[in-house]
1. Rounded to the nearest 0.05, what FRET efficiency do ASN125 and ILE213 have when you use their Cβ-Cβ distance and R0 = 25 Å?
2. How about segment 1-60: which GluC sites (Glu not before Pro) there are in a DSSP loop, with at most 15 other Cβ atoms within 10 Å of their Cβ?
3. Quick check: net charge around GLY385, other residues with Cβ under 14 Å of its Cβ, Lys/Arg +1 and Asp/Glu -1?
4. Among the lysines, which fall within straight-line cross-link reach of LYS266, defined as a Cα-Cα distance under 25 Å, with same-chain neighbours fewer than 8 residues apart omitted?
5. If a helix is a whole DSSP H run, which ones in the chain reach 18 Å or further along their own axis (Cα) and hold a mean Kyte-Doolittle hydropathy of at least -1.0?
6. Want the number for ASP258 to VAL357: 0.36 nm per residue separation, take away the alpha-carbon distance, what's left?
7. Where does the chain land at 222 nm, in deg cm²/dmol rounded to the nearest 500, when only DSSP H runs of n ≥ 4 count, each adding -39500 (n - 2.57), divided by all residues?
8. Using a Förster distance of 25 angstrom, determine the FRET efficiency expected from the C-beta separation of GLU384 and GLU269, and round it to 0.05.
Amino acid sequence: MEKIIIEGGSRLYGTVKISGAKNAALPVLVASILTDKENRIHNVPLLKDVDTISQLLRRSGVRVERNGDSQIIVDASKIDDTEAPYDLVRTMRASVLVLGPLLARLGKARVSLPGGCAIGARPINLHLKGLEALGAKINLEHGYVVAEAKRLKGNRIYLDIVTVTGTENIIMAGVLAEGRTIIENAAKEPEVINLANILNSMGARIRGAGTGIIEIDGVSELRGGEHTIIPDRIETGTFMLAAAITGGSIKIIECVPDHIEPLTLKLVEAGIVLEIGKGWIKVQGNERAKSVDIKTAPYPNFPTDMQAQFMALMSLSEGISVITETVFENRFMHVAELRRMGADIKVEGNTAVVKGVQKLSGAPLMATDLRASASLILAGLAAEGKTVIDRIYHIDRGYEAIEEKLLGIGAKIRRIKG
Ligand code: UD1
């Protein structure tokens, strides 16, 4: 198993270019199977999760080809298999995104239930409730969701909890349904807007993406086209924190500053100096940030996918920070690892109280999930001495070329095998 070794203590300086967003690329790749025409998708990051979804589509007879580093061609003219097997779904929950499109295109789908997940139970009941409302017959058999429908029919769907992939699944099913689908309490994430814009460019009729009510008028077919994935706001935020935690100065380019505004505002509150332009953010760290409180919630609030990384900064800040996680249960696994580096953090229920310490010390650590890995890397960059992070495969699911990007701004980081 690979490990990352970091010699902490260097201030990071330079420019980092942001890759395409994982969470935007996954639904768009899957949405490409809604048509038998070819789609060319630009700015698709090279990530394990993108490989997993590509593998899943290839299994169904879809041609998925990488053309250069960042373009993927999807041709689903010969799609025939409707199954998403357990061995792939269990490695990536977002595989459940194939459910809506397979059902809409082929009239049936057999998708493994994702099962337990390191950051909580994460059920898919709302995906199923939405598809049932569109007329799908759904049964659970031997750990699989088996869904069938001749042609889906539009309906009004209220989501009890804001769910990102749930909203995306219903949008993708709704675009080919007969009549109008209305999703209430829809997710407003930029990745949902990116998906809706791309589907509209393929001939879909979706209004309201980015608001809590999305309306879809079904069409009988979609065309192919050329599409571009938006920049990754979580990668953007992670590099902003890399500047803040090392007291360095990083210019982050090819990003969308608006998409990461909740973090920007918190960094300003913490005393970090920011300069923002069109498509770029420059972050200038201080000797020590001031502690501030955060509470995660669906977009446009503070993203749960930045909570672990922000906690790394707060563990070294001046004062006490209260971090409340409202999106996922059990998303504090990084706490035990940060404590092993000397952080002073107490957890009660969904709240972590972080008392900033003067320094962290490098230690052997274990990554537990994608964003926790990023948090440990940030802590390692700021810590005194050597940090060795095991199970680093988690980071490859969602951060393109993380070591190369960090090396380029002066980090002492390397990967070893075994
Ligand atoms: C997506 C993101 C993930 C991010 C999360 C929250 C992708 C591929 N992944 O995950 O990076 O952390 O949004 O911003 O875009 N829930 C239910 N029933 C459902 C669906 C969800 O109870 O049917 C609950 C979940 O357990 C969780 C909450 O709703 O507590 C939000 O989850 P959701 O938005 O669905 O997360 P994902 O779409 O899986």
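The values are calculated or read from the model by the stated rules, or taken from the named source; none is laboratory data. Model, not experiment: these values are computed from the prediction. Neighbour counts run over all protein chains shown; Cβ positions are idealised from the backbone, glycine included. Side chains are part of the model used for accessible areas, which takes the heavy atoms of the whole protein and leaves out ligands, DNA and RNA. Shrake-Rupley method; radii C 1.70, N 1.55, O 1.52, S 1.80 Å.
1. Working: r = 21 Å, r/R0 = 0.84.
Once rounded, the FRET efficiency stands at 0.75.
2. Values: sites: GLU2, GLU7, GLU38; in loops: GLU2.
Of the GluC sites (Glu not before Pro), the ones in loops of segment 1-60 whose Cβ has at most 15 other Cβ atoms within 10 Å are GLU2.
3. Values: positive: ARG340, LYS359, LYS386, LYS412; negative: GLU7, GLU384.
Every neighbour counted, the sum reads +2.
4. LYS17, LYS22, LYS188, LYS251, LYS278, LYS282, LYS290, LYS295, LYS346, LYS355, LYS359, LYS405
5. Values: long enough: 233-246 (20 Å, 0.89); 370-382 (19 Å, 1.57).
Passing helices, by number: 233-246, 370-382.
6. Numbers: separation 99, 0.36 × 99 = 35.64 nm, distance 3.13 nm.
That pair, ASP258 and VAL357, stretches by 32.5 nm at full extension.
7. Numbers: 14 runs with 128 residues, N = 418.
Rounded to the nearest 500, it is -8500 deg cm²/dmol.
8. Details: r = 27 Å, r/R0 = 1.07.
Between GLU384 and GLU269 the formula returns 0.40.
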